[in-house]
Every structure is written in C-alpha cells, then in structure tokens.
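Visitor: Below you'll find the structure I mean.
Just so it is clear, none of the values below were taken in a lab; they were calculated from the coordinates. Fair warning: this is a prediction, and the values are worked out from it, not measured in the lab. Here the Cβ positions follow ideal geometry from the backbone for every residue, glycine too, while neighbour counts run over all protein chains shown.
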Amino acid sequence: MTPRPAGRGPEAREGATSGTEVPMDVHEAIATRRALRSLAPAEISDELIRDLAAHAGLAPSCANNQPWRFVFVAAPDRLEAMKSVFSAGNRWCHEASLMIAVVSRKEDDCVIRDRDYHLFDTGLAVAFLMLRATELGLIAHPVAGYSPDRTRDVLGIPAGFDIITIILVGRRAPEPNPTLSPEKLEAESRRPERLAFEEYAFLDRYGR
Ligand SMILES: Cc1cc2nc3c(=O)[nH]c(=O)nc-3n(C[C@H](O)[C@H](O)[C@H](O)COP(=O)(O)O)c2cc1C
C-alpha cells in the first residue's frame, strides 16, 4: 500500500472548514476514479483496511447515525468462497484482492415519514471509501450483480441488513480481463458517457 503522506490522515483535516480555500485534490480523485474491471493483485494489509474504513466513516449521515457496515474479505479461502456469489457477467470480480460487502438497515438511520436515509448515507460512505482507494492507486469497483442470499450465507450477514453492494478492490491489470464482453472491454479504455448538464441539472425549477 502507498504510505499516507504525513498529516493527511482522515483525522488531520478536522476543523479545516474555515471558509477560506485550502488546496486539496478532490477533483483529481473524482476525475481519476474508474470502475475498471481488469484487476491485478494488490497487497491488502490491516492498515489499508483500517484506512479505507476510517475515510468511509468520516462521511456525513442523518443525525450522525453512521448506518454503514462493511465486511472486508481478504483471506484467500474467504475470497475463494465469495466467487460463488457473483453473476455470470461479473466473472472478472474473481480477481479482486479485497472484496468489501456493504450493508445497512433501515432502523439504524433516520426515517422521516416516507423518507429512509440509510441507503443514501451508506452510499456517501462508499463514495468516500472509493475516492480514498483511488488516491492510493487502487481500483475500487462497486457492483450490484451478485446473489444477496449467497452473500448473506457466505459472510454470515444477519437478516434485516440490506446487502447494498460489493466493492472489488485490486490494482489495474496491464492486460484486459479475458472474460469481459465487448462493451465492458470498451469501457476499460474509455469512460462511459455521462448525461449532459441539461439532462440532470435544472435552474430554479425542475425541468427545462
Ligand atoms: C450500484 C452500482 C452497481 C454496479 N454494478 C455493476 C456490475 O454488477 N457489474 C459491473 O461490471 N459494473 C457495475 N457497476 C459499474 C458501472 O457500470 C460503472 O460505474 C459505470 O459504467 C460508469 O463507469 P465509471 O465508474 O468507470 O465512470 C456498478 C456501479 C454501481 C454504482
């Protein structure tokens, strides 16, 4: 794992919102992150796992409820067991050095009339984790293509917790994964297109 530069731990920035601009490289992490699928082995240390968890844990949450829970899977036999949970199109996931199951449940976060916040808050934490992984030179790719039932069995996740995503972590492989479909192969070299501003951002009132 790339050592964290001194003074740049998650705790080092506390109270940094002084109202003046401080040099940061948030843009670079956001622009660099990619959901790549051709993974090569990465060294997974306890320090790395704690680092990723610590950055995720700094995410905001409704009433500071912190509903996110992560199961970090790095032991070879557990990674092997996890291979059975992925859908056929996600065969590339088998190459991950670290798999992170992300779970949360409704009762651990705000429910304001018909608004449940646990998925939203957990998504924020996942974004922070992925950006930190990107900063460390790692791929951190979230997927939805897995069996929640099998994942629950393999990892012993209690009933009542939603299994929201599994994040696959590794280094970028120099060669494309041979199991990728032509579209996914294309996405290895070119970021899939995004909506135009007008399609998702509105001024003063919803719509055009
Ligand atoms: C919730 C979620 C589920 C996803 N599920 C899968 C998946 O099952 N398999 C896969 O190959 N990619 C999956 N992806 C990756 C997306 O396809 C990818 O993020 C998108 O195409 C944009 O590419 P980019 O992240 O490299 O910009 C998922 C991403 C998210 C956020």
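Visitor: Please count how many residues of region 96-122 are in contact with a strand residue (DSSP E or B) (Cβ under 8 Å, 6 or more places away or on another chain) and either among the basic types (Lys, Arg) or part of a helix (DSSP H, G or I) (or both).
Guide: Qualifying residue count, region 96-122: 6.
Residue by residue, here is whether (1) in contact with a Ser or Thr (Cβ under 8 Å, 6 or more places away or on another chain); (2) exposed (fewer than 14 other Cβ atoms within 10 Å of the Cβ) holds:
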| site | (1), (2) |
| --- | --- |
| Asp108 | no, no |
| Arg113 | no, yes |
| Thr134 | yes, no |
| Asp153 | no, yes |
| Ile157 | yes, no |
| Leu180 | yes, no |
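Visitor: Report the residue count in region 123-157 for those that are within 24 Å of Glu28 (Cα to Cα) and outside any loop (DSSP other than H, G, I, E, B).
Guide: 18
Visitor: Going by the conditions given, is Phe197 surrounded by 10 or more Cβ atoms within 10 Å (Cβ to Cβ), without any contact (Cβ under 8 Å) to a residue 24 or more places away in the chain and over 23 Å from Asp108 (Cα atoms)?
Guide: Numbers: surrounded by 10 or more Cβ atoms within 10 Å (Cβ to Cβ): no; without any contact (Cβ under 8 Å) to a residue 24 or more places away in the chain: yes; over 23 Å from Asp108 (Cα atoms): yes.
No, not satisfied.
Visitor: Return the pairs, sorted by first residue and then second, in which the second residue is away from the ligand (no atom under 14 Å from the Cβ) and small (Gly, Ala, Ser), the first residue lies in region 127-153 and is closer than 20 Å to Arg69 by Cβ, the beta carbons are less than 8 Å apart, and the residues are 6+ apart or on different chains.
Guide: Every condition considered, the pairs that remain are Ala127/Ala59; Phe128/Ala56; Phe128/Ala59; Leu129/Ala53; Leu129/Ala56; Arg132/Ala56; Arg150/Ser84; Arg152/Ala159.
Visitor: Before we move on, is Arg152 away from the ligand (no atom under 13 Å from the Cβ), closer than 28 Å to Leu48 by Cα and touching a Leu at 6+ places or on another chain (Cβ under 7 Å)? Full working, then the answer.
Guide: Values: away from the ligand (no atom under 13 Å from the Cβ): yes; closer than 28 Å to Leu48 by Cα: yes; touching a Leu at 6+ places or on another chain (Cβ under 7 Å): no.
The answer is no for Arg152.
Visitor: From the list Pro176, Pro158, Pro148, Pro182, exactly one residue is more than 14 Å from the chain's Cα centre (by Cα) and closer than 15 Å to Met82 by Cα. Which is it?
Guide: On inspection, the qualifying residue turns out to be Pro148.
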